[in-house]
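So the structure is just underneath, and the comments pick up after that.
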Amino acid sequence: MKSFATGYAKALSTSSTASSFTAKTPTGTEPTGNGIISFTQSLQVPNFLELLPYGAGDDDDEFSMRVWAWRQFRASNLWIPKLLCEVACVMCTATGVAGTDVVATERFVDAITLVFGNDGESVRRLSPGSNLIASFLVDVQGAQKIELDFDMTTGAPTNANALYAAVY
């Protein structure tokens with residue numbers, strides 16, 4: 001069995017500073033904007049997204065992150081959200097690099113705890129601790145769009161974001 005994976009991209013153009021999760025309900029408006037990853041331009045959607053959460057703050061600051069799937073009702077403008085997972089993230093000493101997409105003041109996470117989701121099946125975590133970069137794979141379940149939502153109330157980070165790669 002072979003897989004194809006894209007390179008990493010930033011999930012949000014501007015990192016989230018949200019102090020709570022946003023309520024998601026069905027909508028007649030196509031989801032767009034910061035934090036929406038769209039696969040509507042292609043007939044093929046990935047099997048999984050690999051996500052590497054990171055944020056600005058101190059070592060051991062924590063934040064939470066939800067991954068939502070959006071799928072359009074056939075031949076209609078109705079979009080239905082589905083919560084795929086929620087994870088709690090702990091930032092570590094591993095940082096980005098000055099002048100790159102993840103800068104030296106932004107910290108990757110080394111610990112990811114699954115709050116909601118099917119661990120080992122629809123969500124696969126790599127959570128090594130010890131200041132090694134953590135990531136997780138989430139099954140997108142055929143979604144046309146994925147939305148990432150953040151909550152800073154679980155710790156004291158300034159903001160949070162994630163890198164993602166599509167795995168086909």
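The values are calculated or read from the model by the stated rules, or taken from the named source; none is laboratory data. This one's a predicted model, so the numbers in the text were calculated from it and none came from an experiment. So basically every Cβ, Gly included, is an ideal-geometry build from the backbone, and we count neighbours across all protein chains shown.
Numbers for the structure displayed
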{"item": "Matching residues in the range 61-82 - criterion: being touching a Lys or Arg at 6+ places or on another chain (Cβ under 9 Å) and in a loop (DSSP other than H, G, I, E, B)", "result": "61"}
{"item": "The range 6-16 - residue that is over 12 Å from the mean Cα position of the chain (by Cα) and loosely packed, with under 13 Cβ neighbours inside 10 Å and, of those, nearest to residue 76 (Cα to Cα)", "result": "13"}
{"item": "Answer from 85, 89 - the residue that is out of contact with any Gly (no Cβ under 7 Å at 6 or more places or on another chain) and part of a strand (DSSP E or B)", "result": "89"}
{"item": "Scan of the range 1-46 for residues that are at positive phi and outside any loop (DSSP other than H, G, I, E, B), ordered by number", "result": "none"}
{"item": "Selected residue (criterion: farthest from residue 137 (Cα to Cα)) from residues of the range 92-113 that are touching a Gly at 6+ places or on another chain (Cβ under 9 Å) and part of a strand (DSSP E or B)", "result": "106"}
{"item": "Considering residues of the range 69-113 that are among the basic types (Lys, Arg) and surrounded by 13 or more Cβ atoms within 10 Å (Cβ to Cβ) only, the residue nearest to residue 154 (Cα to Cα)", "result": "107"}
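Per-residue answers, yes or no, for (1) modelled with pLDDT of 95 or more; (2) touching an Asp or Glu at 6+ places or on another chain (Cβ under 8 Å):
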{"position": "116", "(1), (2)": "yes, yes"}
{"position": "119", "(1), (2)": "no, no"}
{"position": "129", "(1), (2)": "yes, yes"}
{"position": "133", "(1), (2)": "yes, yes"}
{"position": "148", "(1), (2)": "yes, no"}
{"position": "159", "(1), (2)": "yes, no"}
{"position": "165", "(1), (2)": "yes, yes"}
{"position": "168", "(1), (2)": "no, no"}
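Results for (1) at pLDDT below 95; (2) in contact with a Leu (Cβ under 7 Å, 6 or more places away or on another chain); (3) of a type in the set (Ser, Thr, Tyr); (4) surrounded by 13 or more Cβ atoms within 10 Å (Cβ to Cβ), shown as yes or no for each residue.
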| residue | (1), (2), (3), (4) |
| --- | --- |
| 4 | yes, no, no, no |
| 39 | yes, no, no, yes |
| 47 | yes, no, no, yes |
| 57 | no, no, no, yes |
| 62 | no, no, no, yes |
| 67 | no, yes, no, yes |
